[in-house]
Every structure is written in structure tokens, then in C-alpha cells.
Amino acid sequence: MLVVKDLIKKYGELTAVDNLSLEINRGEFFGLLGPNGAGKTTTIRMINTLTPRTSGLITIDGKSMDRNLTEVKIKIGVVPQHNNLEGEMTAWENLELHGRIYGMPKKARRERIEELLEFTDLTERAADLARTLSGGMKRKLMIARALMHKPELLLLDEPTVGLDAAVRRKMWDLLKNLSSSGLTVLLTTHYIEEAEILCHRVGLMNRGRLIELDTPKNLIEKVGKVVVEYFDNEGTKGEFFETREDALAYAAGRQGNVKIRSSNLEDIFIKLTNRRVED
Amino acid sequence: MGFSSILWQEAIFFKRKFWSITTGSIIAPVLYLIAFGWGLGGGMRIDGTDYINFVIPGIVALTTMTVSFSTIANSINISRMYEKTFEEFMVAPLNMWVYAAGKITAGSFRGLYSGFLILFLAFLFQTGIKINPYFLFILILNCLTFSAIGFIIGIIIKSHADMGKFTSFIITPMAFLCGTFFPLEKMPFILKNIIWLLPLTHTSLGLRSSGEDFYSMLIHPGILLLYFIVASAAGVRLCKKAE
Ligand SMILES: Nc1ncnc2c1ncn2[C@@H]1O[C@H](COP(=O)(O)OP(=O)(O)O)[C@@H](O)[C@H]1O
Ligand SMILES: [Mg+2]
């Protein structure tokens with residue numbers, strides 16, 4: 001559905017996005033995982049047309065952005081990393097404004113607003129100014145707003161950053177519901193767990209490059225399902241194994257403090273880059 | 001549609017901040033009226049009328065200029081730099097011409113509102129100022145022109161401090177020099193000609209134009225219109241490039 005080909009963005013000397021290609025299928029929940037500064041936001045902003053590309057092609061359903069800008073824009077819903085609600089407008093008015101900009105008829109607008117407020121659990125706050133909502137509510141309102149015009153592709157840039165753990169989990173449930181309704185989602189995150197729980201496929205990003213792309217399961221199997229962590233004078237190290245038995249055998253042979261656990265996406269990231277995803 | 005959605009949004013802000021907008025746009029002109037109209041100019045006659053009736057069109061010109069300009073410049077600047085709400089419009093399938101038209105129209109309404117407040121006061125105090133359709137025509141053009149200039153400034157300026165600079169160096173001097181408080185003829189020759197090229201001059205002249213010849217009555221809206229068209233076109237071009 002979304003095809004990105006040889007995408008490059010340069011800011012002077014700095015290459016923020018370096019030759020990125022990927023393809024996202026209809027109905028898929030796709031995650032871009034990488035540390036701060038990896039180029040996730042820049043990628044998303046090129047897809048939503050806010051940032052001009054240095055080079056590369058982006059098409060949605062075969063329509064290129066350069067030739068069919070309006071058609072492409074209608075298919076996209078955007079939830080940016082920072083809050084960009086109209087703080088001096090109510091939750092309802094924020095949705096209403098979006099519906100009006102996208103030319104939705106009055107009746108459809110009202111029904112959609114009611115439905116989305118319900119879906120995001122914000123019905124009771126409909127008449128409150130957006131700036132008075134909590135961080136989690138603002139984020140949910142931004143998601144509702146992006147969904148107003150029934151886009152086919154939802155772009156979510158770090159949707160749970162800055163939220164506390166309980167709220168983050170609620171947000172995950174909400175995003176899962178969205179995905180099961182058939183919407184195509186492109187999400188960026190620097191939270192390992194978020195990518196593992198939500199995404200059908202994950203692209204690992206580091207310094208503007210896509211370094212791996214697969215299902216979380218396959219990625220984990222690539223390094224080995226089980227990791228034995230041990231500490232020596234150089235710090236924490238890990239050794240990967242296919243099965244728990246192999247890991248146990250290895251751990252038994254080591255002295256000192258060892259820990260056996262299932263491996264996760266962070267392990268792959270560290271293995272590939274010598275760098276952690278989360279700070 | 002896009003155009004009406006922008007006006008709808010501005011209408012909500014207007015309703016919500018009605019009193020602060022109203023008091024905010026009336027304080028400066030009332031001070032001018034008191035200080036220059038009744039204070040300094042009390043009993044003075046100029047161009048064959050009471051000074052107060054000379055200065056009211058000037059105050060209307062400069063107030064509608066300032067209000068139209070700053071409403072749009074600030075709203076776009078804040079939406080770009082601080083609230084980032086500008087992005088909502090940029091990702092939407094909205095033609096930038098439509099966005100500009102909506103913003104400029106909204107700013108003009110605010111300018112007109114402040115103009116009518118002053119005229120209402122003038123009427124209340126029975127100054128005897130006369131208004132004709134040509135007056136209204138010039139007033140509307142003035143609002144459109146300075147909204148469009150505000151649009152450009154809102155798009156290109158990087159910070160609130162730069163906005164202050166533009167106001168201090170361009171808007172405020174125009175407010176005082178463009179035939180608002182005293183006739184252009186009192187200016188030295190060179191300055192007079194430079195000032196004659198500025199848009200606000202033609203608003204001041206146009207608003208007082210009863211008795212002018214047909215050619216002059218054509219030139220004032222003509223120059224304002226020219227500024228309006230150039231500013232709008234430039235604004236839209238810049239808007240498409242804005243990141
Ligand atoms: N407008 C900009 N001008 C210059 N450099 C930028 C700009 N936006 C982002 N960058 C740089 O590009 C790199 C990628 O940033 P970003 O896409 O925001 O990363 P992420 O979203 O993964 O944290 C960073 O090094 C960042 O400093
Ligand atoms: Mg980011």
C-alpha cells in the first residue's frame with residue numbers, strides 16, 4: 001500500500017535519512033524502531049509531505065506524491081510527535097475543525113465525532129478546552145482527529161512518548177483495536193515493548209539507515225531466542241542461544257552473576273549496532 | 001470546505017475572546033482620539049474642517065492596519081513556531097490559496113470590527129464625521145492589504161522578537177507618517193514622495209477623499225489593490241515552501 005523507495009534527506013552535511021526503502025501492506029501494523037535521532041520523525045514527515053525530500057519516491061496505492069498530492073493526502077491520517085491541538089478550542093471543536101477542513105458533510109461529521117470520542121473514551125470531555133486535557137487524553141484526541149476523515153494509512157510518531165506506564169498500556173489496547181479494524185498503521189517508537197506488542201513487522205533504524213526488517217519473531221530468532229547475560233570487567237555482555245537447554249548448559253559453565261532471559265528486539269539492535277535503543 | 005472552516009475557527013476564537021479583542025482594539029485609538037483629537041487639536045481647523053474630523057479617518061486607517069496585520073501575523077507565527085497547529089493545515093488536502101484566502105479574510109474582519117468600533121465612538125460623540133460607500137470600499141481594501149502583508153510576515157518570521165522588529169520599523173512609522181495625523185504636504189519633499197508610495201497613505205487619503213478628482217479617487221484603491229495582490233501572491237508562494 002505504501003511504497004518508499006531510496007528515500008534520502010540531507011540537512012547540510014548531516015544525512016538524517018539515508019537511502020531508506022520499505023513497503024507496507026494494506027492492513028499491516030508496521031513499526032520503525034530506533035533510538036532518538038535515528039531519523040524516524042524525518043521519515044514520517046516526508047511521508048506526510050511536511051518535509052521536502054532530498055530524493056526518493058513515495059507512493060500510496062500506486063499514486064505518487066509528486067503527481068497526486070491531494071489524493072495522497074486524503075488517504076493519510078497524521079499524529080505528530082508533539083502536541084499540535086488547538087488548545088483554545090474544545091475537544092469537539094478540534095475534531096469538528098478537522099472534519100470541516102477535509103470537507104466532510106455536517107451529518108457525517110457529527111456522527112464521526114461521536115463515534116471517535118466514544119472510541120477514545122473522551123465523550124465526557126468533549127466540551128473541555130484541549131489545553132486542559134491530560135497528556136494521555138491529548139494524545140488520544142490527536143489520534144481521534146487523525147481518524148476523522150477515515151484515512152487508509154495512519155502515521156503515528158512516537159504515540160506513547162511521555163506517558164506513564166498504565167496510560168501507555170491503555171494506548172496500546174486502543175491501537176490494537178484500530179489495527180484489527182483493518183487500518184494500515186505506520187508507527188515509530190523507541191520503546192522495544194511497544195514494537196514487539198503492536199507491530200506485525202518492524203524496521204530497525206539507526207543513523208538514518210534501515211538495518212533490519214522482519215517480524216519481531218523472526219528478528220528475535222535471528223539472534224537466538226534465549227540470551228545469557230553475564231558481567232565481566234568490561235560490563236554486561238550477552239550470549240545468544242537457540243534453546244533454553246543450550247543456554248542453561250552455557251550458564252552452568254560460567255562463574256559469577258549470570259542471568260537467563262528471552263531475547264528481545266533490543267538485543268538484536270545492540271548486536272547490530274553496539275548501541276542501545278532506549279536511553 | 002477549507003475556506004469556511006478557517007472562518008469558522010476564527011469565529012470561535014472571536015466569540016471566546018470577545019471582550020479582550022474589543023478592549024484590546026479600542027484602547028489605542030481612544031488614546032489617540034483624546035490626545036490628538038481633543039487635546040492637541042481641540043478647536044484647531046485643518047483642510048477646512050475641525051481637526052477631530054480630519055484625524056478620525058487617520059485613526060481608523062492606522063487602527064485597521066495594525067489590527068488586520070497583527071491578528072494574522074501573530075496567529076500564523078504562533079501556529080507555526082509554538083503551537084504547531086499550522087501543520088494540521090499543511091498535511092490536509094487544502095490548497096494554499098484557500099488557506100491564505102481564509103486567513104486574510106478573517107484578519108480583515110477583525111480590522112473592520114476595530115474600524116467600526118472607532119466610527120461608533122465618533123458617532124457617539126457627535127463629531128459629525130461623514131461616511132460614504134467609497135470610505136467603506138477603501139477601508140475594506142486597507143484591511144485586506146494589511147492582512148495579506150501580515151500573512152507574509154507570519155510565514156517568514158522566525159521568532160516573536162523578529163515580529164516586534166517588523167512592527168517597530170515598518171508598521172509603527174507608517175502609522176504615524178502616512179497622512180494619519182497631519183497632511184502629507186507638511187512633509188519635506190523627498191520624504192513626501194517616499195511616503196506617497198506606501199499603502200497606508202492611500203488609505204488615509206482615500207478615507208478623506210470627498211472633493212477629490214476622479215483620477216485621485218481611482219489611484220488610491222489602485223495602489224492598495226496592487227499591494228494586496230502582490231502580498232497575497234508572495235504569501236502563497238512562501239507558504240508552499242514553508243517547512
Ligand atoms: N529541521 C532539521 N534541521 C537540521 N537537522 C535536523 C532537522 N530535523 C531533524 N534533524 C536531524 O536529523 C536527525 C534525525 O532526526 P529525527 O528524524 O527527528 O530522529 P528521530 O525521530 O528518530 O528521533 C537528527 O540528527 C536530527 O538532529
Ligand atoms: Mg522523532
- Is segment A:213-222 home to any residue that is at pLDDT 90 or above, buried (at least 20 other Cβ atoms within 10 Å of the Cβ) and of a type in the set (V, I, T)? no
- Item | Selection count, segment B:172-200, where residues are more than 18 Å from B:F36 (Cβ to Cβ) and crowded, with 20+ Cβ neighbours inside 10 Å | 1
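Which residue out of B:G150, B:G154, B:G58 is open to solvent by less than 10 Å² (accessible area, probe 1.4 Å), touching a residue at least 40 places away in the same chain (Cβ under 8 Å) and closer than 30 Å to A:I76 by Cα? Walk me through it before giving the result.
Working: B:G150 fails: closer than 30 Å to A:I76 by Cα; B:G58 fails: closer than 30 Å to A:I76 by Cα.
Result of the check over B:G150, B:G154, B:G58: B:G154.
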- Elements of type helices (runs of 4 or more DSSP H) in segment B:54-168, at least 2 residues being modelled with pLDDT of 95 or more, away from chain A (no Cβ under 14 Å) and touching a helix residue (DSSP H, G or I) at 6+ places or on another chain (Cβ under 8 Å): B:96-124, B:133-156
- Task: Please verify whether segment A:42-49 includes one or more residues that are away from ligand 1 (no atom under 16 Å from the Cβ), of a type in the set (D, E, K, R) and closer than 26 Å to B:G102 by Cα.
- Result: no
- Every listed condition ((1) at pLDDT below 90; (2) part of a helix (DSSP H, G or I); (3) within 24 Å of B:L40 (Cα to Cα)) holds for B:S204 save (1)
- Message: I want to confirm something. Restricting to segment A:119-151 and keeping residues that are at negative phi and acidic (D, E), which single residue is nearest to ligand 2 (Cβ to nearest atom)?
- Response: A:D128
- Task: Inspect all residues belonging to segment A:64-86 and state whether any of them is more than 13 Å from every other protein chain (Cβ to nearest Cβ), open to solvent by 70 Å² or more (accessible area, probe 1.4 Å) and not hydrophobic (A, V, I, L, M, F, W, C).
- Result: yes
- Taking the stated definitions as given, is A:D18 of a type in the set (D, E), touching a residue at least 24 places away in the same chain (Cβ under 8 Å) and within 16 Å of ligand 1 (Cβ to nearest atom)? yes
- Could you check how many residues of segment B:207-243 are part of a helix (DSSP H, G or I) and touching a Pro at 6+ places or on another chain (Cβ under 6 Å)? 3
- Task: List every residue pair whose Cβ atoms sit under 8 Å apart, with the two residues 6 or more apart in sequence or on different chains, where the first one lies in segment A:133-147 and is within 13 Å of chain B (Cβ to nearest Cβ) and the second, anywhere, is in a helix (DSSP H, G or I) and of a type in the set (A, V, I, L, M, F, W, C).
- Result: A:K138/A:A130; A:L141/A:A91; A:L141/A:L95; A:L141/A:A130; A:R145/A:L95
- Item | In segment A:21-41, the residues that are away from every other protein chain (no Cβ under 14 Å), open to solvent by 20 Å² or more (accessible area, probe 1.4 Å) and within 12 Å of ligand 1 (Cβ to nearest atom) | A:N36, A:G37
- Task: Output the number of the condition that A:L50 fails; it satisfies all remaining conditions of (1) within 14 Å of chain B (Cβ to nearest Cβ); (2) under 15 Å from the mean Cα position of the chain (by Cα).
- Result: (2)
- Query: Any idea how many residues of segment A:97-113 are at the interface with another protein chain (Cβ under 8 Å from one of its Cβ atoms) and part of a helix (DSSP H, G or I)?
  - Reply: 4
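The values are calculated or read from the model by the stated rules, or taken from the named source; none is laboratory data. Since the model is a prediction, treat every value here as computed from it, not as a measurement. Note: ideal-geometry Cβ built from the backbone for every residue, glycine included; neighbour counts use all protein chains shown. Areas reflect the complete protein model, heavy atoms only, side chains present, ligands, DNA and RNA absent. Shrake-Rupley method; radii C 1.70, N 1.55, O 1.52, S 1.80 Å.
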